[in-house]
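> Could you have a look at this structure, given as structure tokens, before my questions?
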Amino acid sequence: MDLWSGSLVLGGNGHFSGVVSTAAGSRIEVGEPHLTRGTLVLRDGARIDGQGSLAVHDGMTLLLDRSAQVVVAGSYTQEPWATVEFGLGGSQTCDRVGRLRVGGTATLAGSLVATLRDGCTPTTGQSFGIITATTLVGNFSRAELPQGLHAQTTQIGVILTAL
């Protein structure tokens, strides 16, 4: 799917596989103000490539499962009651991880969730760069992580590390 102008609003519950490409100035929104809950699931290998920005609104969840990728050249905004979830899996060595790449500012709030799939068992010291951005503002107010995983927020991203 290609979006060359305007906005793509994804609301309710939805599953996606394939690639969505957007042009400069476009905006992808997960949810709308009148929606109170829902999930956009990007399954293993799905990808959103955006030249615009991405917003995850209150009550909504963006799930990046295993090797799913969201790459936006603009900004990423997560509202205080929104959730971003990352799936780690592929095998016992956790070689497939969902990732969010932001070319501009990532504004974090709300919840961070990580889940282990496919028998993924991180080893002590193993780390996963799940979010990268030019600039990172804010932090998650809640984190639901598997036992032994720790989230570290830096000025340019979020890293999960096995303790």
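Coordinate-derived values only; no laboratory data. All of these numbers come straight from a predicted model, not from anything done at the bench. A quick note on method: Cβ atoms are made from the backbone with ideal geometry, for glycine too, and the neighbour counts reach across all protein chains shown.
> Over the stretch 31-158, what is the percentage of antiparallel beta bridges among all DSSP beta bridges, to the nearest 5?
Bridges in the stretch 31-158 are about 10 percent antiparallel.
> Excluding Leu100 itself, what net charge comes from residues whose Cβ is under 12 Å from its Cβ, given Lys and Arg +1 and Asp and Glu -1?
+2
> May I pose another question? Tally Lys/Arg at +1 and Asp/Glu at -1 over every other residue whose Cβ is under 12 Å from the Cβ of Ser111; what's the total?
Value of the local net charge: -3.
> Please report the net charge: other residues with Cβ closer than 13 Å to the Cβ of Leu64, K and R +1, D and E -1.
So the surrounding residues net to +4.
> Please work out, to two decimal places, the log10 of the ratio I(q)/I(0) at q = 0.19, 0.21, 0.25 Å⁻¹ from a Debye calculation in which every Cα of the stretch 54-117 carries one identical scatterer.
Treating every Cα as an identical point scatterer, log10 I(q)/I(0) equals -0.69, -0.81, -1.01.
> Now for a separate question. For the stretch 85-102, take each phi angle, set θ = phi - 60°, evaluate the Karplus expression 6.51 cos²θ - 1.76 cosθ + 1.60, and give the result in whole Hz per residue in order, putting x for glycine and proline.
Working through the residues one at a time gives 10, 10, x, 10, x, x, 5, 4, 8, 6, 7, 10, 9, x, 9, 10, 10, 10 Hz.
> Please list, ordered by chain and number, the residues whose modelled amide H lies under 5 Å from the amide H of Val71; skip anything fewer than 5 residues away on the same chain.
HN-HN under 5 Å from Val71: Ile48, Asp49, Gly50, Arg101.
> Counting each pair of different Cα atoms once, what's the Kirkwood radius of the stretch 48-163 in Å, rounded to one decimal?
13.9 Å
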